[in-house]
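Let me begin by handing over the structure; questions about it come next.
The values are calculated or read from the model by the stated rules, or taken from the named source; none is laboratory data. Quick caveat: nothing in here was measured; it's all calculated off a predicted structure. No Cβ is skipped: glycine too gets one built from the backbone with ideal geometry, and neighbour counts run over all protein chains shown. Please note that ligands, DNA and RNA were not included when accessible areas were found on the heavy atoms of the full protein model with its side chains. Shrake-Rupley method; radii C 1.70, N 1.55, O 1.52, S 1.80 Å.
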Amino acid sequence: MSCIIGITCTWKEAENRNYLSHDYVRSIQDAGGVPLLIPVLDPRQAAAVYEACDGLVLSGGHDVDPILFGEEPLRGLGEVTPARDNLEIALSHLALKGTKPLLAICRGIQVLNIAAGGSVYQDIKGVSDQLHDVSAPRWYPVHQVEIEQNSKLARILQNTSIRVNSYHHQSVKNVGEGLVAVGWSKDGMIEALENIDGERAILGVQWHPEGLSDRDDNSSRLFKNLVEEALRRKG
Ligand code: MN
């Protein structure tokens, strides 16, 4: 049996172009799933896309629009992509209500958290001295993440202390309803979220496991789990 894992794309409106790093595609394929790219589209079509997929990945990308969590833009905010926000918020709502597995990566964890009613630091430079936007190769883990022992994530990784890559300057602030923080960097920033309801398979990580998955078990396990959960619910 095969399962289709939809992956949202980055939307570069000025260039009229959707794009996605091939690492996401490879990671899903290596885990045994069939990757399917989701372009930016009318959020009213999100339900049809959700229906067509067996699982979802929200990929990394630009900053989330602070209006989505009731804030005006603050200094330090980067480029926002409202059309992409609208689609991914709609997909997140479907995933939070539905039963299909979701892996939300980097920007994705922030979108997921906002869809659940949470908020995001628009720029963590004023909050933490630790550098989370490190110039290093995608495959190189630059900082530690401690993982809650009694979490789904710890079970999936078979680990409670891992090293990850880091390419973000925004971070989860207040955690949304139905979600719980299960991973933190040394400076106390939230690096992982999961759903409280044990029936659902919703997971968000602030790092980029797709950049590490060809050489790091902790990363490939996230994609394997996504595909396994998708197949289990399908079959
Ligand atoms: Mn980080």
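Assigning unit charges at the beta carbon (Lys, Arg +1; Asp, Glu -1) and nothing else, what dipole magnitude in debye, to the nearest 20, does the chain show about its Cα centre? Provide the component values of the computation, followed by the final result.
Details: 23 positive and 31 negative charges, 107 e Å.
Charge dipole of the chain: 520 debye, to the nearest 20.
A further question on this structure: Which order, highest average first, do 118-129, 213-224 follow once you tally other Cβ atoms within 10 Å for each residue and take the mean per peptide? Numbers along the way, then the final one.
Details: 118-129: 17.6, 213-224: 19.4.
In descending order of packing, they fall as 213-224, 118-129.
Return one whole number: the accessible area per residue of the range 112-197 in Å², for a 1.4 Å probe.
Working: 3950 Å² over 86 residues.
The answer is 46 Å² per residue.
Under a straight-distance cross-link criterion of Cα-Cα below 24 Å, which lysines are reachable from Lys97, leaving out those fewer than 8 residues away in the same chain?
Within the straight-line limit of under 24 Å, Lys97 reaches these lysines: Lys152, Lys173, Lys224, Lys234.
Per residue, how big is the convex hull of the chain when only Cα atoms are used? Give it in Å³.
On the way: hull volume 26.8 nm³, N = 235.
Normalising the Cα hull of the chain by residue number yields 114 Å³.
Could you work out how far the C-alpha centroid of the range 54-105 sits from that of the range 28-42, in angstrom?
Between the Cα centre of the range 54-105 and that of the range 28-42, the gap is 17 Å.
From the phi of every residue in the range 36-49, what ³J(HN,Hα) in whole Hz does the Karplus formula 6.51 cos²θ - 1.76 cosθ + 1.60 yield, where θ is phi - 60° and glycine or proline is x?
Each residue's phi maps through the Karplus curve to give 9, 6, 10, x, 5, 8, 4, x, 5, 8, 4, 4, 5, 5 Hz.
Sticking with this one: Select from the range 136-213 those trypsin sites (Lys or Arg not before Pro) which occupy a DSSP coil region and have at most 16 other Cβ atoms within 10 Å, ordered by residue number.
Within the range 136-213, the qualifying trypsin sites (Lys or Arg not before Pro) (loop, at most 16 other Cβ atoms within 10 Å) are Arg138, Lys186.
For the chain, what is the mean residue ellipticity at 222 nm derived from helices alone (per DSSP H run of n ≥ 4: -39500 (n - 2.57); sum divided by total residues; nearest 500 deg cm²/dmol)? Please report the intermediate quantities before stating the final value.
Details: 6 runs with 65 residues, N = 235.
-8500 deg cm²/dmol, from helical runs alone.
Any chance you could look up the accessible area of Trp139 with a 1.4 Å probe, heavy atoms only, rounded to 10 Å²?
It works out to around 110 Å².
Any idea what diffusion coefficient the range 1-120 gets from Stokes-Einstein, in µm²/s, Kirkwood Rh on alpha carbon pairs, 10 °C, 1.306 mPa s?
Values: Rh = 14.5 Å.
Using the Kirkwood radius from Cα pairs, D works out to 109 µm²/s.
State the percentage of accessible surface on the range 189-235 attributable to carbon and sulfur atoms; use a 1.4 Å probe and exclude ligands, DNA and RNA.
Working: 720 of 1790 Å².
Of the solvent-accessible surface of the range 189-235, carbon and sulfur hold 41 percent.
Here is a further query. Whole-Hz ³J(HN,Hα) for each residue in the range 160-166, computed from phi via Karplus 6.51 cos²θ - 1.76 cosθ + 1.60 with θ = phi - 60°, x for glycine and proline: what do you get?
10, 8, 9, 10, 9, 7, 7
I want to verify the translational diffusion coefficient of the range 112-183 in µm²/s; compute it with Stokes-Einstein, Rh as the Kirkwood radius over Cα pairs, at 20 °C and 1.002 mPa s. Intermediate values should be presented prior to the final figure.
Values: Rh = 13.6 Å.
So the translational diffusion coefficient is about 158 µm²/s.
In addition: Among the GluC sites (Glu not before Pro) within the range 57-163, which fall in a DSSP loop and have no more than 11 other Cβ atoms within 10 Å of their own Cβ? Display every interim value, and only then the final one.
Values: sites: Glu71, Glu79, Glu88, Glu146, Glu148; in loops: Glu71, Glu79, Glu148.
Here the sparse-neighbourhood loop sites are Glu79.
By DSSP, what percent of the beta bridges with both residues in the range 33-189 are antiparallel, rounded to the nearest 5?
Around 70 percent of the beta bridges assigned by DSSP in the range 33-189 are antiparallel ones.
Measure off, as a whole percent, the carbon and sulfur share of the 1.4 Å-probe accessible area of the range 72-131, all protein chains present. Let's see the in-between values first.
Numbers: 1350 of 2420 Å².
Carbon-and-sulfur percentage of accessible area, whole number: 56.
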